[in-house]
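A short write-up of the structure that comes next.
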Amino acid sequence: MDLHVSHERQRYILRNAYIPEHIFGLMMAISGGDLGMIGDFIFYVKDNWLIFIGYPFSGMTNKKDLFLITDYIDKLIHLYDPDYIWAIAPEIPGELKKIADEFQSDYYYTLSIDEFNPARRLLREVEKTHNTLTVTAGREFTTKHKALRDEFIKSKALHPLVESLYKSMERYLEKSDTAFVLNALSSENKLCAFYCLDAGADNFLAYIMGCHSRVYYVPHASDLLFVEMVRIAKEMGKSTVNLGLGVNEGLKRFKMKWGGRPTIPYEFIELKRRGFTHNLLKKLEYIL
């Protein structure tokens, strides 16, 4: 079983990617894991953990893919013997949900560049904000970014995996060739908001995370960055922006007011093995 990802396979992945987790430069930089490929699926592995990305590059077309997810996870458990397994997919097989320690569901929100036609009222607000803030782009995660990131984390009740994503931004920007930050700066050079984006996939620009300051708060700073993000995506020749998950009602409303729509189903499970049998399928058969 050849799990190695050759240069040719890497090009195939980025050419057909449609979720941020398909951008292996992003995932490897954040997690520190190694990339592998089994069938039409990719995964990341290191030490005692495994992340399985259950989104095949040819698209999720039938129930056979659900069986493959279970089968491939079982094979990878045999091979790597992880203590922790995280898996995402448009639909997690029911037998895996039954033994999961944690389950979440959501949608990826996407925005079609060609259909971006925001209300004139929103654009007027952005134009006003543009008179007071300057937008810059770069790859450096400065002490200002760290302070704003830490301020944001303290103000939110984030899932541990999401918090670890925010805390990994320095390493991510150092290691990734396709990641960059958009900054909204005041006339006093205060950082009011920033977005972290990734252009690694051929067809979409990925929104990874964003923060706005309560200390140096400027109304519509995030809106200004959103419009600039779309402009950059269009300039890059991307067809869509993947806005990430809905997460909460406030974020959903923000993404939808700018035209984002819930288009790609998302389910997540965490499995803590705690010494359960290496043969996952046998365990499942026992449960069923």
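The values are calculated or read from the model by the stated rules, or taken from the named source; none is laboratory data. What you see is a predicted model; the values in this text were computed from it and never measured. Here the Cβ is made from the backbone with ideal geometry for all residues, glycine too, and neighbour counts use every protein chain on show.
Residues that are touching a His at 6+ places or on another chain (Cβ under 7 Å), modelled with pLDDT of 95 or more, closer than 25 Å to Ile153 by Cα and part of a strand (DSSP E or B): does the range 193-215 have at least one? Can you show your working first?
Filtering the range 193-215 down to residues touching a His at 6+ places or on another chain (Cβ under 7 Å) leaves 193-194, 201.
Filter once more, so that each one left must be modelled with pLDDT of 95 or more: 193-194, 201.
Checking which are closer than 25 Å to Ile153 by Cα leaves us with 193-194.
Narrowing further to those that are part of a strand (DSSP E or B): 193-194.
Looking through the range 193-215, at least one residue is touching a His at 6+ places or on another chain (Cβ under 7 Å), modelled with pLDDT of 95 or more, closer than 25 Å to Ile153 by Cα and part of a strand (DSSP E or B).
Pull up the range 44-75, narrow it to residues that are among the polar types (S, T, N, Q) and out of contact with any helix residue (DSSP H, G or I) (no Cβ under 7 Å at 6 or more places or on another chain), then point me to the one that is farthest from Asn16 (Cα to Cα).
First pass over the range 44-75, keeping only residues among the polar types (S, T, N, Q): 48, 58, 61-62, 70.
Checking which are out of contact with any helix residue (DSSP H, G or I) (no Cβ under 7 Å at 6 or more places or on another chain) leaves us with 48, 58, 61-62.
Numbers: Asn48: 29, Ser58: 8, Thr61: 15, Asn62: 18 Å.
Checked the range 44-75; the qualifying residue farthest from Asn16 (Cα to Cα) is Asn48.
Is it the case that the range 194-204 has a residue that's crowded, with 17+ Cβ neighbours inside 10 Å and among the acidic types (Asp, Glu)? For the range 194-204, residues crowded, with 17+ Cβ neighbours inside 10 Å and among the acidic types (Asp, Glu): present.
Regarding the range 151-170, can at least one residue be identified that is under 19 Å from Phe24 (Cα atoms), crowded, with 22+ Cβ neighbours inside 10 Å and in contact with a Lys or Arg (Cβ under 9 Å, 6 or more places away or on another chain)? So that I can check it myself, show each step before the final result.
Step one: list which residues in the range 151-170 are under 19 Å from Phe24 (Cα atoms), which gives 161-162, 164-170.
Right, trim to crowded, with 22+ Cβ neighbours inside 10 Å and you get 169.
Then keep just the ones that are in contact with a Lys or Arg (Cβ under 9 Å, 6 or more places away or on another chain); that gives 169.
Within the range 151-170 (the criterion being under 19 Å from Phe24 (Cα atoms), crowded, with 22+ Cβ neighbours inside 10 Å and in contact with a Lys or Arg (Cβ under 9 Å, 6 or more places away or on another chain)), the answer is yes, since at least one residue qualifies.
Just a yes or no: is a residue in the range 39-52 surrounded by fewer than 18 Cβ atoms within 10 Å (Cβ to Cβ) and in a helix (DSSP H, G or I)? Show your work before the answer.
Start the filter on the range 39-52 by keeping residues that are surrounded by fewer than 18 Cβ atoms within 10 Å (Cβ to Cβ), which leaves 39-40, 46-49.
From what is left, the residues that are in a helix (DSSP H, G or I) are none.
No - not one qualifying residue is present in the range 39-52.
Exactly one of these conditions fails for Lys63: (1) more than 22 Å from the chain's Cα centre (by Cα); (2) touching a residue at least 24 places away in the same chain (Cβ under 8 Å). Give me its number. The one condition Lys63 does not meet is (2). When the residues of the range 6-38 are filtered to those that are hydroxyl-bearing (Ser, Thr, Tyr) and in a loop (DSSP other than H, G, I, E, B), the one that is farthest from Ala199 (Cα to Cα) is Ser6. Screening the candidates Arg15, Arg9 for the property of being at pLDDT 95 or above, touching a strand residue (DSSP E or B) at 6+ places or on another chain (Cβ under 8 Å) and surrounded by fewer than 17 Cβ atoms within 10 Å (Cβ to Cβ) yields one hit, Arg9. Across the range 216-255, the qualifying residues are those that are small (Gly, Ala, Ser), touching a residue at least 60 places away in the same chain (Cβ under 8 Å) and part of a helix (DSSP H, G or I), and the one among them that is nearest to Lys167 (Cα to Cα) is Ala221.
The requirement of being in contact (Cβ under 8 Å) with a residue 60 or more places away in the chain and either polar (S, T, N, Q) or touching a Phe, Trp or Tyr at 6+ places or on another chain (Cβ under 6 Å) (or both) is not satisfied by Ile23.
Residue check: is Pro20 touching a Pro at 6+ places or on another chain (Cβ under 8 Å) and over 24 Å from Arg273 (Cβ atoms)?
On the way: touching a Pro at 6+ places or on another chain (Cβ under 8 Å): no; over 24 Å from Arg273 (Cβ atoms): yes.
Answer is no for this residue.
The residue that is surrounded by the fewest Cβ atoms within 10 Å (Cβ to Cβ), counting only those in the range 205-222 that are within 12 Å of the chain's Cα centre (by Cα) and of a type in the set (A, V, I, L, M, F, W, C), is Met209.
Scanning the range 53-72 for residues that are under 19 Å from Met28 (Cβ atoms) and part of a loop (DSSP other than H, G, I, E, B) returns Gly54, Tyr55, Phe57. Being surrounded by 17 or more Cβ atoms within 10 Å (Cβ to Cβ), of a type in the set (Ser, Thr, Tyr) and modelled with pLDDT under 95 holds for only one residue in Ser31, Ser58, and it is Ser31.
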